[in-house]
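The values are calculated or read from the model by the stated rules, or taken from the named source; none is laboratory data. Just so it is clear, the model here is predicted, and its values are computed rather than measured. Here the Cβ positions follow ideal geometry from the backbone for every residue, glycine too, while neighbour counts run over all protein chains shown. Just so you know, the surface numbers come from the protein's heavy atoms only, side chains and all, with ligands and any DNA or RNA stripped out. Shrake-Rupley method; radii C 1.70, N 1.55, O 1.52, S 1.80 Å.
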Amino acid sequence: SLISVHITEIEGNLIMAAARAGKFLYLGVINIGLVRYDLETKTVSRIIRYGEEGLPSDLILTILVNDNYVWMGFDGAGLRILNTENEKINSVEDLHYIPIEGQIPISVTTLYKDPIGNIWMGSVRSGLVGLKISPIKLVSMGESVIISLFQSENGILYIGTDGDGVKTYNPDAKRTFLFCCFTGLRHSDMAKLKWRDIRTTDSGEVLSVPSM
């Protein structure tokens with residue numbers, strides 16, 4: 001169900017990212033930083049301002065809550081993770097809970113956790129990056145700006161881009177495919193894909209988009 005929230009502490013500022021974890025709502029707010037709002041008490045329980053307490057000064061573009069961690073993608077500072085137990089902000093390398101081979105994108109535009117626990121990051125011209133129990137995996141997407149990520153029931157990742165159509169990635173087969181105006185897709189600029197737009201038929205996966 002939809003709820004209306006009025007937060008006086010951030011009034012007049014643009015919210016760039018939001019994610020809910022139980023009674024808490026985490027917001028990435030321009031000119032402020034990371035805001036944690038308590039939905040039960042209807043109060044702001046914590047504000048971490050840009051450039052303070054380990055939070056980079058770059059804008060938060062996306063937020064993902066995974067267990068006791070709040071993952072944040074930044075426009076220029078890559079990825080940072082807030083541990084909600086000790087309230088400290090760390091890089092992936094600082095946590096030492098996963099071996100690192102590869103590179104976190106400088107600009108992380110979207111974060112997605114798949115059903116088996118892998119974290120996928122969309123980026124600005126740095127491809128699709130998968131952070132798994134095994135080392136970081138990079139899937140090259142050329143110069144594409146990735147703006148949305150979704151996964152179908154059979155494990156195929158659907159990647160919405162800004163002007164390059166929709167790309168798919170099969171993690172098992174390690175193959176990519178492009179849907180664009182040259183392969184039957186009428187829209188190449190995908191603002192966002194919805195789960196209802198992807199369905200399985202006898203002919204395979206079908207993607208529905210609004211008509212032009």
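Couple of notes before you dig in:
- Solvent-accessible surface ranking, highest first, for T62, T8, T43 at 1.4 angstrom: T8, T43, T62
- Accessible surface of region 1-45, 1.4 Å probe, proportion on carbon and sulfur as whole %: 51
- Residues F74, F177, F24, sorted by accessible area with the largest first, give F177, F24, F74 [1.4 Å probe; ligands and nucleic acids excluded].
- Region 34-114, dipole about Cα centre (Lys/Arg Cβ +1, Asp/Glu Cβ -1), debye to the nearest 20: 240
- Taking every protein chain into account, the 1.4 Å probe leaves K23 with about 80 Å² of accessible area, to the nearest ten.
- Largest to smallest in accessible area, the residues M16, M72 fall in the order M16, M72 (1.4 Å probe, all protein chains included).
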